[in-house]
């Protein structure tokens, strides 16, 4: 079991059926996420759509502290409206600008209810772990950005903003237009990104 320590008092392992069977049931308090980690996560892995990792409590190795499902993705600038594209590319030298940039997608992410709201900053530690993992020199493929399709709720958006993420589309209407969502329909999620160059400078 290879240790990958960034979240305090935990160790990270791939989330396998064996781990799920050994550990106590995981709940982050969100029905959709809990259902995914209980039922769909291994199908995603079988279809090579995502790889899931979990952080286990060192003091109680049956307790999962946090889980994240990751996959490779990309940011395609030709899908962005002009204000969003200009804002996104502002820090990229002109000669290095492309139509698409490599990114890693945080498909699902959850922190156990047992570790929420206790001043432990598990969510921030988890995000820092993921950020530094993808700039590690042993990574097999480069990615410049992290992406997340975040629930469009105040608490979720606050979490990503607090951890340095920015909305990919400058406005909700711009994001609706990009995905063909009518103006009177609620936008259920927002795409946020983090520039990994910020932690390598």
* To do: Provide 44, 132 in ascending order of the number of other Cβ atoms located within 10 Å of each residue's Cβ, fewest first.
  => 132, 44
* Asked: the chain: Rg/Rh from Cα coordinates, Kirkwood Rh?
  -> 0.97
* Structure fact -> Residue-normalised 222 nm signal for the chain, counting each DSSP H run of n ≥ 4 as -39,500 (n - 2.57), nearest 500 deg cm²/dmol, is -7000 deg cm²/dmol
* Set the Förster radius R0 to 35 Å, insert the Cβ-Cβ distance between residue 132 and residue 21 as r into 1/(1 + (r/R0)^6), and round the FRET efficiency to 0.05. => 0.70
* To do: Please give, to one decimal in nm, the separation of the simple spin-label points placed at residue 71 and residue 178, each 7 Å out from Cα toward the Cβ.
  => 1.8
* To do: Using the number of other C-beta atoms within 10 angstrom as an exposure proxy, rank 33, 120 with the fewest first.
  => 120, 33
* Asked: What is the order of 156, 16, fewest Cβ neighbours within 10 Å to most?
  -> 16, 156
* Structure fact -> Taking Cα atoms only, helix 122-133 is inclined relative to the longest principal axis of the chain by an angle, in degrees rounded to 10, of 70
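All of the numbers you see were taken from the coordinates with simple rules; none came from a lab. Owing to the predicted nature of the structure, the values given are computational and were not obtained by experimental measurement. Positions of Cβ are generated from backbone atoms using ideal geometry, with glycine treated the same way; all protein chains shown enter the neighbour counts.
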